[in-house]
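For reference, the structure is listed below as structure tokens.
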Amino acid sequence: MMWILIIAIVIVAGLVIGMYSSLVRLRVKCDNAWSDIDVQLKRRYDLIPNVVETVKGYAGHERETLEGVVAARNKAMTVQGPAAKAEAEGMLTQALRQVFALAEAYPQLRAVESFTQLQQTLNQIEDTVQDARRYYNAIVRDLNTKISVFPSNIIANMFNFKPREFFAISAPTEREVPKVSFGAGAAQ
């Protein structure tokens, strides 16, 4: 009877250790995935002033649009947490779309090689951010599920594991097509 009790204790201890270890692995993966997003967003933030300066040289009178991009960039750089960051990123994406829509009205700007390269680089970074966001959200989903389901929820509560926020589109403006006006009487 004593052996059965010892074996049962060893099995329970092994299960607890295994569940705790898997929760820790998922938490570390979440932190790593968020770090990957942060690196890509920093690359994006560093590139935006170059885009603004290039556009300013050809479409300087579109001051409001360019100032909107700078303001959105500054806000996105300062907010913390996935939900707030996602909202700020949505606003920044919308502002960038307006800048690139401006380029359609200025053929000389579209012909500038540095602008085209900046636009391509930003598009590549956007794709990388989307991939990193999908990966992060998948890891968050796995961690949040493990924290919520029995019996790992008992271990998660014992060791104070908290669910993570998803990095998702929350701003309705990011889902909209940008509206750009090129002066009085222009079609929108």
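Key figures
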{"item": "Candidate set: the stretch 41-60, residues that are at pLDDT 85 or above and surrounded by 18 or more Cβ atoms within 10 Å (Cβ to Cβ); chosen: the one nearest to ARG97 (Cα to Cα)", "result": "ILE48"}
{"item": "Failed condition for THR65, given (1) more than 22 Å from ARG134 (Cα to Cα); (2) at pLDDT below 90; (3) out of contact with any helix residue (DSSP H, G or I) (no Cβ under 6 Å at 6 or more places or on another chain); (4) not basic (Lys, Arg)", "result": "(3)"}
{"item": "Some residue of the stretch 8-27 being in a helix (DSSP H, G or I), surrounded by 15 or more Cβ atoms within 10 Å (Cβ to Cβ), touching a Ser or Thr at 6+ places or on another chain (Cβ under 9 Å) and free of Cβ contacts under 8 Å to residues at least 60 places away in the same chain", "result": "no"}
{"item": "Cβ pairs under 8 Å, 6+ apart, first in the stretch 40-55 and among the hydrophobic types (A, V, I, L, M, F, W, C), second not in a helix (DSSP H, G or I)", "result": "VAL55/GLU62"}
{"item": "Selected residue [out of contact with any Pro (no Cβ under 6 Å at 6 or more places or on another chain) and closer than 19 Å to ARG141 by Cα] from LYS85, LYS75", "result": "LYS85"}
{"item": "Tabulated pairs, the stretch 64-76, first in a helix (DSSP H, G or I), second basic (Lys, Arg), C-beta under 9 angstrom, 6+ apart or interchain", "result": "LEU66/LYS56; ARG73/ARG44; ALA76/ARG44; ALA76/LYS85"}
{"item": "Candidate set: the stretch 103-159, residues that are outside any loop (DSSP other than H, G, I, E, B) and of a type in the set (Asp, Glu); chosen: the one surrounded by the fewest Cβ atoms within 10 Å (Cβ to Cβ)", "result": "GLU113"}
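The values are calculated or read from the model by the stated rules, or taken from the named source; none is laboratory data. Fair warning: this is a prediction, and the values are worked out from it, not measured in the lab. Cβ atoms come from the backbone with ideal geometry, glycine included; neighbour counts cover every protein chain shown.
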